[in-house]
Amino acid sequence: MAAASKTSDGLLLSGRAILRLVVGVAAIAVVWQASVLLFGIRPYYLPRLSVVLEALAATPDAYIASLLRTASETLLGYAAGALFGIALGSMFFHRKVLKDTLFPMFVVSQTIPVIAFGAVIVLWFGNTLFAKAVMAFYLTFFPVTVNTLLGLQSVDPAQVSLMKSFGAPRRQVFWKLQFPNALPQIFVALRLATSLSLVGAMVGEWFGDTVGLGVLLLQATYNENVVGIWAALLVAAALGTLFYAAVAGLERKLVFWRVER
Amino acid sequence: MLQREGLSGTDSNPTTPILELRNVNKTFGSVTALRDFHASVALGEFVTVVGPSGCGKSTLFNMVAGLEEPDVGGILRFEQRSVHASDLLGRVSFMPQRDLLFSWRTVIDNAILALEVEGVPRKAARAEALRLLPEFGLAGFADHYPHQLSGGMRQRVALMRTFLFKRELMLLDEPFGALDALTRAMMQRWLLDVWQKNRRTILFITHDVDEAIFLGDRVVVMTARPGAVKLEQRVDLPRPRSPDIVTSPAFIEIKRTLLAAIEEESMKSFTAATSTEYAQ
């Protein structure tokens, strides 16, 4: 009923959500700064937020370069992983034989910690942006595959029968019914994979690179540069949040009908 | 008297049958849904099917919609030719019991689903559907989504989707079953109106005997499972039929015959159900 003004509702909601976010971030910032001052927490454990921000402002170029680098690795791996996962899930859905033979192997592959792969990937692809994207890809594609398959399987058989009674070939049943029906489920994985792919990219950087948020984090740790650690962490958090928000926004746009449930 | 003549079936099909089923059986594992089912539907005829629940009506419909094959030996004829059930996919306009609307499609886009499958350009299909909206009581709702509609409206969208899939034979599975009495009566009259204008052949399942008589040229009563034809009753009431026809003696006479037959079958399926319950 309320959905009569759905679009304006959606805008209003996201506007309110942004406001909430800003207020929330501001609150955390105040609590951070105040508690360090109030309880006299030593900078070794938690530096003041203002100090961390000053550090960011002092050498913005390094952070911006790292941010862009890590963001490209993440996005590249994420996009490839999402597409591959959707394609693989759809293939498993259509060819049960493939699912039964390949799926267990993919499950096994996912039990190997990504760290263990890191060295090999660097050996294979060198110290490139691509190598880090592969790590992000590796962490992204699996949940997307699983959820695509689940989503495709969740379709109402009566709706499939209806499409068939219209004379629709499998292709049309897939694109007009099964795929749109799977989208909400696919987006659950796509949201989850935003943070996973960021982890993949940053961990990938630990195997050797000169630019990137993971590199900044590692260098700061070696030098016991506490402020540097927190600065890198803040930038990574901002990147992760932004990425998640973008995917969630896309979801709201594409899967608007979810309101029904 | 009049009805007796109808029963014999000699006067029933002056026109050619569009659909014939002979010797049709359908078993699912140990359950026999249809046994030795015979029926024939003439071109342009409005046939209603009533029977106790679980009597195989839906199996019958799935078969005629092309979704399920009869057991070996059963004969299906469509437009004078022997066919496999699967040949009927895309050739019969089928409306299942539930509306099955796609939640991501607007009213208009749900209505044109079958046209899209057929390859009609979206723009042309939409234009055609837009013209029909008022007739289906959906004017102004073209861009609404299913979750914004009432149950009756959703059902009308489903009906519109079925009508836009222009096939000679339409299968309607309790299309008004979920509607309130008032809306249902309106929808019945409206359906007759549309049918009289277009003269398509309709096979219509219902639980409601009044509805079956009011709408049909002929009422087929099915037996309890396994489903077979218990009784075929011609309805020789004049058309167009006005709502008050349900109180006419002829109508009541037909209703009495049908109710007796249905009652008998309902009792059978009821006792069958309770005895299996005891057996368990």
Between A:F137, A:F92, which is crowded, with 21+ Cβ neighbours inside 10 Å and under 14 Å from the mean Cα position of the chain (by Cα)? A:F137
Exclusive hit being among the hydroxyl-bearing types (S, T, Y) and exposed (fewer than 15 other Cβ atoms within 10 Å of the Cβ), set A:T221, A:T194: A:T221
Quick one: what pairs do we get from the range A:144-155, first residue outside the structural domain of A:Q110 (by TED's automatic domain parsing), second surrounded by 24 or more Cβ atoms within 10 Å (Cβ to Cβ), C-beta under 9 Å, 6+ apart or different chains? none
So the check is Cβ under 8 Å with 6+ separation or different chains; which pairs have a first residue in the range A:227-247 that's closer than 19 Å to A:Y44 by Cα and a second one that's of a type in the set (V, I, T)? A:V227/A:V51; A:V227/A:V52; A:I229/A:T221; A:W230/A:V52; A:A231/A:V52; A:L234/A:V52
Hey, B:S86 facing chain A (nearest Cβ under 10 Å) and either in contact with a strand residue (DSSP E or B) (Cβ under 9 Å, 6 or more places away or on another chain) or free of Cβ contacts under 8 Å to residues at least 40 places away in the same chain (or both) or not: yes
Which ones in the range B:97-118 are of a type in the set (S, T, N, Q) and either more than 9 Å from chain A (Cβ to nearest Cβ) or buried (at least 21 other Cβ atoms within 10 Å of the Cβ) (or both)? B:T106, B:N110
Test of understanding: among B:S86, B:S93, which residue is part of a helix (DSSP H, G or I), open to solvent by less than 60 Å² (accessible area, probe 1.4 Å) and under 27 Å from B:L34 (Cα atoms)? B:S86
Helices (runs of 4 or more DSSP H) contained in the range B:175-279 and holding at least 2 residues open to solvent by 60 Å² or more (accessible area, probe 1.4 Å): B:181-198, B:249-279
In the list A:L190, A:L183, A:L213, which residue meets the criterion of being touching an Asp or Glu at 6+ places or on another chain (Cβ under 8 Å) and over 30 Å from A:W32 (Cβ atoms)? A:L190
Have a look at A:A79, A:A55 and point out the one that is assigned to a helix (DSSP H, G or I), in the same structural domain as A:V144 (by TED's automatic domain parsing) and within 13 Å of A:G228 (Cα to Cα). A:A55
Using beta carbons and a limit of 9 Å, which pairs, at least six apart or on different chains, have the first residue in the range B:54-65 and in contact (Cβ under 8 Å) with a residue 60 or more places away in the chain and the second one of a type in the set (D, E)? B:C55/B:E265; B:K57/B:D173; B:K57/B:E174; B:S58/B:D173; B:T59/B:E68; B:F61/B:D173
Can you find even one residue in the range B:147-155 that is more than 14 Å from every other protein chain (Cβ to nearest Cβ), part of a helix (DSSP H, G or I), under 23 Å from B:N110 (Cβ atoms) and open to solvent by 50 Å² or more (accessible area, probe 1.4 Å)? no
Anything in the range A:154-183 that is more than 10 Å from chain B (Cβ to nearest Cβ) and touching a helix residue (DSSP H, G or I) at 6+ places or on another chain (Cβ under 7 Å)? List them, or say none. A:S154, A:V155, A:Q178, A:A182
Filtering the range B:119-146 for residues that are open to solvent by 10 Å² or more (accessible area, probe 1.4 Å) and either at the interface with chain A (Cβ under 7 Å from one of its Cβ atoms) or more than 23 Å from the chain's Cα centre (by Cα) (or both) leaves a count of 19
Within the range B:66-83, restricting attention to residues that are without any contact (Cβ under 8 Å) to a residue 12 or more places away in the chain and in contact with a strand residue (DSSP E or B) (Cβ under 8 Å, 6 or more places away or on another chain), which residue is most open to solvent (accessible area, probe 1.4 Å)? B:S82
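The values are calculated or read from the model by the stated rules, or taken from the named source; none is laboratory data. Keep in mind the model is a prediction, meaning the values are calculated, not measured. Quick reminder, even Gly has a Cβ in these numbers, built from the backbone with ideal geometry, and neighbours come from all protein chains shown. Areas reflect the complete protein model, heavy atoms only, side chains present, ligands, DNA and RNA absent. Shrake-Rupley method; radii C 1.70, N 1.55, O 1.52, S 1.80 Å.
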